[in-house]
Each structure stands twice: as structure tokens, then as C-alpha cells.
1. Give the peptides 341-349, 52-60 in descending order of average Cβ contacts within 10 Å, highest first.
2. Out of the DSSP beta bridges found with both residues in the chain, what percent are antiparallel (nearest 5)?
3. Between residue 117 and residue 366, what FRET efficiency comes out of the Förster formula 1/(1 + (r/R0)^6) with R0 = 30 Å and r the beta carbon distance, rounded to 0.05?
4. Would you mind getting me the FRET efficiency between residue 39 and residue 11? Use the beta-carbon distance for r and R0 = 30 Å, nearest 0.05.
5. How far apart, in nanometres, would the label points at residue 506 and residue 210 be if each is projected 7 angstrom from Cα along the Cα-to-Cβ direction?
6. Return a whole-number percent for the relative contact order of the chain, with Cα pairs under 8 Å and 6 or more residues apart as the contact set.
7. Hey, how many Å between the Cα centroid of segment 1-56 and the Cα centroid of segment 117-178?
8. Stretch residue 514-residue 334 to full length: gain in nm at 0.36 nm per residue minus the Cα-Cα span?
Ligand code: AGP
């Protein structure tokens, strides 16, 4: 995880780096640090906790003169969150500093070698090993670039790393291997960063680094090279069209709330260009070169896994494609997974950088399988390595808790099911026609816009009423089961309240033993074919004196403790209305309990470790 940024140019560099770190804080916020050269000495300033703590430290530092600096915001992997483990890390001789995102897997072996050579270590991190390895190689290599490359060739694992040396105060060196790193090209200034918003206020010209590449830059220019032999690479920069405003809160108290309320716009953006006027089916030109799969494996983590689980309820009946959905960290180790030539794998990832999902993609491709990526972040690793990529058009998602990304993934999964249905002219009887489905999708933005303010109010009322609960069940059947799991995930990650999502029919096989008056159950009881079965499950809970909140539709007769009516839509489109309700309830609960909504403890937005 972690966020890194480096700047070299003519501006005071430390403020640029600190500002960049602010937009990277979603990647981790256990500690932060910066380094730069001042009067021939390397300065490394670090602080445990959030960026604000670092900023306080910087007030007394001579930061104004440096025009080259680098910074880091950390999500702990090696070593507890503490100042000694914060980045940048300097070599023992205080000549070189690096910031690093990733894990050096052979760090212990390298450390043992360095200890024998007299190096002393002050942190528990693999990064301190790497910086000392560079310093060690500097003794035998002709220059710093060769020393940097030589050390990196010995390191096994993942890294995005940026380096500076006290004798080259205006030069940055950076390299990438299995961790995101982007290079920004300005006028008389250059940037390296984990993500584009870190330098978007200064330039839209971006060079995407590939694995095994090094860049050396100062204000006047840069050289992109292969790590293996330092041969030069020529690559055009690309222009990024993102709007920086999109990455700001836009008047909402939290990014999460803003992103929940953006969902009507997200639905519209996802549909744009997909159903051209007068065209019969759903247009997905990204898939033109791929056949329709005989069988589909969806692989993802967290919220993206829940989207995939929901999507299965459309892909199977609409497109007639048998679909398995798996957690990436499990799928990738099942070497025995049988992939027939006509199977296809769909990996879903908002960030496009989730390590387990990326590893699953790579393992499938190594075995000759075809992979479609469903990603939000343009140019991310998954987007670039998949055989085809469909972008979800959610825009930048800043809140650590994923909301609008799930909505966008669900729209694209519906379009995917309709696209393949159109190709096969198949699907079970009773499933909607492409045009019926498209009309329902197109009606969603207005319905959501109209009802979300009232939904927010109801969410606040219910959150207050249940704020003393320490456990929750979330139940659903059919396509509402993945939504129940998502509701539970949102509640636990934001409020730290224990919550479990279950298939409603599973309760009586064990979990119901936990039900008592202090253990409420949030039931998705939407007005669809499975409602009678869900009603029976509600009665079973009530018979054990459990309290029930029912997310339901007007006109459904349900004697429960608290009902929450949302506008009715036919299944599975009802999911698009139920999802923001679940998100708003978790948001309201976390906010009422005073939790850090946008940056929940122990989490990071982009999980680039296994
Ligand atoms: C959900 O709120 C979390 N942020 C998390 O479960 C997330 O969905 C998961 O880490 C997968 O991320 P990705 O979509 O970027 O791959």
C-alpha cells in the first residue's frame, strides 16, 4: 500500500510534496515523512499518524529553499506504525534516502549480508534494508544510477521506489516492479507518484511506468530506462482528462457521502455511449476480439467481490453463462482450477491495483486463459494487463469505503450480461428483454436523485435508534444476499460494529443461536419472488425475540420493529436502490458514533499487498 510522491523543479518542493501526500492519504495514514537536501545535508522529517502531524513538524524546518523533495504516507506492512518505521529511510551513512511502496520479500537474506558488512539497522522495515543495499552497491558501481539498478535487481518482491542523494540535490531516481508508479511531465518540473491526483494541480501529462523500468529526472529533463540493462526507452506522455474538482469534497462533510450521492451521475456515465439510439443491443467494443464465454469465473476482493456475486444473478439467467465467483486471494492459489479453452475470467477491481486480484489475473494469463478487467482507475496494472478492459466510469473514489464504485460495477455487469445475451439471443424465459432492461437502467438516475435525500434522513433515524448495538446480522436471498454481505462489510469497516451478512435461509443452520433482543437483524425484504421465504426467516428471528429492521417496499405488509420503505423496482434492478440505503445506514452510524468516516482505522484504499 502506501503513497509516494517526488518533485523536482523550480517551486519550493516540500509544499508540493505535502499537498501531493494529502491526495495520497487514502493509500495509508499510519505515518508520513518527507526528505530533501539542505546545505549539502540530507534532511529526513517523519511523523507517526496522519499528515497533519508531519505538517506541524515541518513548521520549524528550513524547507523553503529545496526545489526537489520526496514524501511518503504509510500503511504499515513491515514494522508497527511508529516514527522509526516511517519513510523516508536513509542509509546509515546519511547519503541516500528512499521512499518505498511494496514488500521486499528477500529482505532478511539481504539484511543478514549487510549486517555482516557492518550496516546497522534502526527500523523493522524492508525499506531500510533496500536503502542500505543501494549505499553498499554504490561502493563498487560507477555511479548512483548503476548502484540503484544493481540493488533493485537483487531485490525480490514488489516496489515502487523513489530515491535522492545528498550530492545530487535536484535529481530523483524512481523505479517500479509490481506496485503503481506514475511519472508526471510538467514545464521545467517533473513528478513521480503512486497516483495521478498527487500532481494533477501541476500537470496532466503522464508517463505510465511499466514493471522493470527506472526513471531519472531533474528540472530540465528525464531519462526512462530498462532496469535490466539501463537501455533507454522512448515513450510518449499521455494527457489525463480528469477534473481535480472531482477529487474534492464538493460541499459534503465526507468524501463517502459525496460519493454515495454521486451514484445517479455514475449510472448515467456508465450508460453513456453503450446503447446508441436506434441500436438494438448493448455496445461493448472492448470485447469485440473476444468470444462469448462458455463459462465465466469472476475474481475480486471485498466490495468488488460482492458486485461480482450480485452480477452472477444476472449473467446466469440473462446470458445463460454458468458463472462462478471467487475471492481473489483464494482463487489464485487453486492451481487446480480447471479453465477450459472457452472459459473466461472477469477480474473486478476499483483500483486496478489489488495485489491478489492482479496475481490471479497473471496466473490465469500464464496458463493461457483470457481475462477481462472491470476497473475504475485508468491505466492501472489490471487495466493494462488484461486481454480487454472495461472502465466503470465512477470517477476518482477517495473514501476508503467503496460506494459508487460498486454501483458502477453493477451497471457494467448488467450491461455485460445484456451484451452477451444479445450475442447469444439466449436467456431463460421470463428474463427482461434487452430493451426492457435498458429502460429500467435508464430510469435509475431520476429515481435515485428523487429519493436519496429522504433515504439519508431515514438512515440517520435508524442509526440513532440502533447505535448501542454491538452486533448485527444482515440477511438477504437471491441477488439480495451479496447486498446483505456488502451492508455488513460497510457497517463493520466504518463503525467497527461486528456485522455478518448471511443468506437468509442459512440462519437456521447455526447463526440463529446468536439472536437475542440485543442482536438486531437488518433484512433485505424487497417485494420480489423470494419475499415469502424472507418473511418466514423474519418470523424465525422474531420468535427468538430478535429485533428486525426491514428494508422493503411500500405496500409490503411486514410486522417488524422498524421498516424502511424504498421505491419499488423489479428485481434485480431494485439492488440499485437498496445499495445506497445500506451505504447511508453505515455512513450515518459511523458519523453518529464519531468515527473517522473517510479513513477508517487499519484500512487503506488500495490493497497492494497480498
Ligand atoms: C470496501 O469498502 C473496501 N474498500 C475493500 O473491500 C475493497 O473493495 C477491496 O479492497 C477491493 O478493492 P479493489 O476494488 O480496488 O480491487
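Read-outs throughout are calculated quantities, based only on the coordinates presented, and are distinct from any laboratory measurement. Predicted model only: the values in this text are computed from it and were never measured. Positions of Cβ are backbone-derived with ideal geometry, glycine not excepted, and every protein chain shown enters the neighbour counts.
1. On the way: 341-349: 23.4, 52-60: 13.6.
The peptides rank, most packed first, as 341-349, 52-60.
2. 60 percent
3. Numbers: r = 37 Å, r/R0 = 1.24.
The formula returns an efficiency of 0.20 here.
4. Details: r = 19 Å, r/R0 = 0.64.
So, using R0 = 30 Å, E works out to roughly 0.95.
5. The answer from the label model is 4.3 nm.
6. Details: 1347 pairs, mean separation 70.2, N = 610.
12 percent.
7. Segment 1-56 and segment 117-178 have Cα centres spaced 19 Å from each other.
8. Working: separation 180, 0.36 × 180 = 64.80 nm, distance 3.33 nm.
The residue 514-residue 334 span can extend by a further 61.5 nm.
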